[in-house]
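Written out below as structure tokens is the structure these notes cover.
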Amino acid sequence: MPHNDHCGSGCGHDHTHNHKTGESSGQPIQVTKNQQDFLHQLGHCRYLPVARFILKDSREEDFISTALAPVFLRSAADDMALVKEAGAFLQELEDRGLITLDYDIPLKEYGYEKYKGSALYAYFCDTVAEGAKKPGFLGDTPELELGSIALTEAGERMAAAHCSHGQHHHE
């Protein structure tokens, strides 16, 4: 089910997942200032776009391999180093139970043009095309899997607790 949009009203999809909450030990979750700022921004936006680069094979129906994930772009010109850094940042937040990275829930009103037209995705497609020319190369079809980022309940509580506004606007 796609989300209605990003940085606006949601579709009502509840994002219930079996992610750890990050609070099972009873200890409060400690985050960096950058992580807190991101959670706060996401609390206001509700959802942000994310993608992953995957390989499929035209000869092997069951073959699928993730080449790069998560991919969160600030600009279509973002390079590999920046994308990997952002990906590690997001993966840590997901591992700590503060966000979900949902590749099966794209943002309905977001066109993902930045992702489709990015230099990094073009490089990925060119690399796959070059590899596909070699005999026995598995993974001859590049694909961009589109998804969304959302806060978990623990992430919502953290974003709300650190909000500089006196309102509870992260619900």
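The values are calculated or read from the model by the stated rules, or taken from the named source; none is laboratory data. Keep in mind the model is a prediction, meaning the values are calculated, not measured. Methodologically, a virtual Cβ is constructed for each residue, glycine included, from the backbone with ideal geometry; neighbour enumeration extends over all protein chains shown. Accessible surface is based on the protein model in full, side chains and every heavy atom, while ligands, DNA and RNA are left aside. Shrake-Rupley method; radii C 1.70, N 1.55, O 1.52, S 1.80 Å.
Scanning the stretch 49-66 for residues that are open to solvent by 60 Å² or more (accessible area, probe 1.4 Å) and in contact (Cβ under 8 Å) with a residue 12 or more places away in the chain yields Arg52, Lys56, Ser58, Arg59, Glu60, Thr66. Counting the residues of the stretch 140-163 that are touching a helix residue (DSSP H, G or I) at 6+ places or on another chain (Cβ under 7 Å) and in a loop (DSSP other than H, G, I, E, B) gives 3.
Quick check on my filter: what residues within the stretch 27-66 are part of a strand (DSSP E or B), more than 14 Å from Phe89 (Cβ to Cβ) and not polar (S, T, N, Q)? Across the stretch 27-66, the qualifying residues are Tyr47, Pro49, Ala51, Arg52, Phe53, Ile54, Leu55, Lys56, Ile64.
Exactly one residue out of Ala69, Ala88 is at pLDDT 95 or above, outside any loop (DSSP other than H, G, I, E, B), among the aliphatic types (A, V, I, L, M) and loosely packed, with under 12 Cβ neighbours inside 10 Å, and it is Ala88. When each of Asp95, Asp104 is tested for being in contact with a strand residue (DSSP E or B) (Cβ under 9 Å, 6 or more places away or on another chain) and surrounded by fewer than 13 Cβ atoms within 10 Å (Cβ to Cβ), the lone residue that passes is Asp104.
If you check His44, His15 for being more than 30 Å from Gly131 (Cα to Cα), modelled with pLDDT under 95, open to solvent by 70 Å² or more (accessible area, probe 1.4 Å) and not charged (D, E, K, R), only one passes: His44.
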